[in-house]
Amino acid sequence: MSEHALVDIQGLVKAYDLLPILRKLDLTIARGEFVALLGPNGSGKSTLIRLLCGLSRPTAGLIRIGGWELPKESAAVRAQIGLVSHKPLLYDNLSAIENLQFFGRLYNLSGSGLQAHIQAMLVKVGLAKRGHDLVRTYSRGMLQRLSIARALLHNPDILMLDEPYTGLDQDASTVLDGLLKEAHADGRTILMTTHDLPRAAVLPTRVIILSRGVIGYDASASGLDALSLAQIYANVTSMVSAR
Ligand code: ADP
Ligand code: MG
């Protein structure tokens with residue numbers, strides 16, 4: 001199985017000052033899966049995302065993405081990943097188009113091809129009419145959509161999102177639902193952390209609950225609903241913290 005996995009994690013340990021945050025994590029994700037990564041604050045979700053993007057080094061263990069190994073092949077790994085993190089990673093005093101041009105150049109994209117691609121991305125995320133406006137005039141929902149356009153600019157196989165629904169209102173959340181469904185339908189593999197259990201029960205294909213640095217639950221999302229997931233979540237997270 002593991003040679004076919006797009007993401008292959010074996011015995012992953014991450015410790016800060018000898019304090020283990022992730023404790024020997026084994027996890028494989030196949031191409032095309034949409035994985036929701038749940039867990040209480042401090043359970044290591046962002047740490048795992050950062051490790052997978054090559055932004056942080058494992059204390060021990062193996063990470064392979066698309067056959068490339070971290071940390072030694074981090075450039076090849078990053079080329080396959082689009083990241084939407086807590087921070088928008090956008091420049092306030094540039095327009096949306098200027099931001100995307102900047103990131104496009106980082107990925108060695110340029111010229112009229114890049115211009116057309118940027119325009120198409122802005123249409124995709126519903127910002128075509130605001131492309132020349134400075135990012136500092138954007139609402140939280142617009143920033144989130146522009147972050148997704150930025151993350152998809154180099155056409156990555158994998159989209160990773162760290163709590164993308166945090167701070168969004170109902171309408172912006174619904175727009176984000178649509179963008180994630182579309183990215184998944186386009187064949188992208190998605191790994192998303194969230195505290196939004198009702199969404200985690202219906203949007204993804206697989207649900208993983210991280211608790212105290214280990215995987216406390218890992219199952220297909222089919223047949224899950226908001227109530228059953230809330231019960232599972234309460235059981236998994238309270239069981240571990242009671243130890
Ligand atoms: P989550 O995203 O699930 O809320 P994090 O991965 O952000 O959790 O954090 C997991 C734990 O690792 C927390 O206890 C946090 O304080 C700790 N941690 C995260 N980053 C660092 C760091 N750079 N240095 C020290 N401790 C860290
Ligand atoms: Mg986090």
Point to revise | Residues satisfying the stated conditions in the stretch 58-106, i.e. more than 21 Å from the chain's Cα centre (by Cα) and of a type in the set (S, T, N, Q) | key: Thr59, Asn93, Ser95, Gln101
Exercise for review: Taking Glu3 as meeting all but one of (1) assigned to a helix (DSSP H, G or I); (2) modelled with pLDDT of 95 or more, write down the number of the exception.
Suggested key: (2)
**Study point:** the stretch 3-25 residues that are closer than 14 Å to Arg50 by Cβ, paired with ones that are within 16 Å of ligand 2 (Cβ to nearest atom) and open to solvent by less than 10 Å² (accessible area, probe 1.4 Å) (beta carbon under 6 Å, 6 or more apart)
**Key:** Ile9/Leu25; Leu12/Leu22; Leu12/Leu25; Lys14/Leu22; Ile21/Gly44; Ile21/Gly213; Leu22/Gly44; Leu22/Gly213
Exercise for review: Could you please give the count of residues in the stretch 43-101 that are without any contact (Cβ under 8 Å) to a residue 24 or more places away in the chain and more than 16 Å from ligand 2 (Cβ to nearest atom)?
Suggested key: 13
Exercise for review: Filter the stretch 116-137 for residues that are in contact (Cβ under 8 Å) with a residue 12 or more places away in the chain and open to solvent by 20 Å² or more (accessible area, probe 1.4 Å) and give the result.
Suggested key: His117, Gln119, Lys124, Gly126, Arg130, His132, Asp133, Leu134, Arg136
**Study point:** Residues of the stretch 166-216 satisfying the condition of being touching a strand residue (DSSP E or B) at 6+ places or on another chain (Cβ under 9 Å), open to solvent by less than 40 Å² (accessible area, probe 1.4 Å), in a loop (DSSP other than H, G, I, E, B) and at pLDDT below 95
**Key:** Gly213
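The values are calculated or read from the model by the stated rules, or taken from the named source; none is laboratory data. Worth saying up front: this structure is predicted, and the values here are computed from it rather than measured. Note that each Cβ is placed from the backbone with ideal geometry, even for glycine, and that neighbours are counted across all protein chains shown. Calculation scope for accessible area: heavy atoms of the full protein, side chains included, ligands and nucleic acids excluded. Shrake-Rupley method; radii C 1.70, N 1.55, O 1.52, S 1.80 Å.
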